[in-house]
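Asks: What follows is a structure written as structure tokens; I'll ask about it next.
Derivation of every value follows stated rules applied to the coordinates shown; laboratory data play no part. Remember, it's a predicted structure, so these values are computed and weren't measured experimentally. In this analysis, Cβ positions are derived from the backbone assuming ideal geometry, glycine residues included, and neighbour counts consider all displayed protein chains.
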Amino acid sequence: MQSRNLPFYAGPFAAYGLDKEDGLKLITSNPAKILGIDDIVGTLEVGKQATLFISEGNTLDMRTNILTHTFIQGREISLESHQTELHKRYMDKYKLQE
């Protein structure tokens, strides 16, 4: 199972008629309830661990989901990686050659 793609597994359900809010529950509050940990995770409430991400696009759509911020247990996590550094380096390189 590729957990990094988890939000996109719920996307097709929303595309075929499931309400987007219910689609989001498929990957947030419902699993927390099943695992019995909904008292600490699964929804954004006072007293729960704030593990979330902020996207410019639709969370359930792979094409428009562009992450801008990520928080794990309330602490912001950098989205920079070796891959993003390479992307920036070569985008600048090839823009100059146009």
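Asks: Given the rule -39500 (n - 2.57) for each run of at least 4 DSSP H residues, summed and divided by the residues of the chain, what is its mean residue ellipticity at 222 nm, to the nearest 500 deg cm²/dmol?
Replies: -11000 deg cm²/dmol
Asks: Chymotrypsin sites (Phe, Trp or Tyr not before Pro), restricted to the range 13-98: which are DSSP loop and have at most 13 other Cβ atoms within 10 Å?
Replies: Tyr16
Asks: If I take R0 = 25 Å and measure r between the Cβ atoms of Ile72 and Leu24 in this structure, what FRET efficiency does the formula 1/(1 + (r/R0)^6) give, to the nearest 0.05?
Replies: Approximately 0.85, to the nearest 0.05.
Asks: Taking one equal scatterer on every alpha-carbon of the chain, how large is log10 of I(q)/I(0) by Debye at q = 0.19 1/Å?
Replies: -1.05
Asks: Are there any trypsin sites (Lys or Arg not before Pro) in the range 20-88 that are in a DSSP loop and have at most 13 other Cβ atoms within 10 Å? List them by number.
Replies: When the trypsin sites (Lys or Arg not before Pro) of the range 20-88 are filtered for loop state and at most 13 Cβ neighbours within 10 Å, Arg63 remain.
Asks: Could you compute the net charge surrounding Asp39? Neighbours are other residues with a C-beta less than 12 Å from the C-beta of Asp39; K and R count +1, D and E count -1.
Replies: Its environment carries a net charge of 0.
Asks: Another one. Of Leu86, Leu60, Thr70, which is farthest towards the positive pole of the range 3-96's charge dipole, taken about the Cα centre with +1 and -1 on the beta-carbons of Lys, Arg and Asp, Glu respectively?
Replies: Farthest towards the positive pole: Leu86.
Asks: Helix 6-15 versus the longest principal axis of the chain: what angle, 0 to 90°, nearest 10, using Cα atoms?
Replies: Helix 6-15 sits at roughly 80 degrees to that axis.
Asks: If you only keep lysine pairs separated by 8 or more in sequence, or across chains, how many in the range 3-96 come under 27 Å at the Cα atoms?
Replies: Count of close lysine pairs: 5.
Asks: Expressed as an acute angle from 0 to 90° and rounded to the nearest 10, what is the orientation of the C-alpha long axis of helix 82-96 relative to the principal long axis of the chain?
Replies: Orientation of helix 82-96: about 40 degrees from the principal axis.
Asks: In addition: What does the extension gain come out to for Phe13 and Thr84, with contour length at 0.36 nm per residue minus their alpha carbon separation?
Replies: Computed gain between Phe13 and Thr84 is 22.5 nm.
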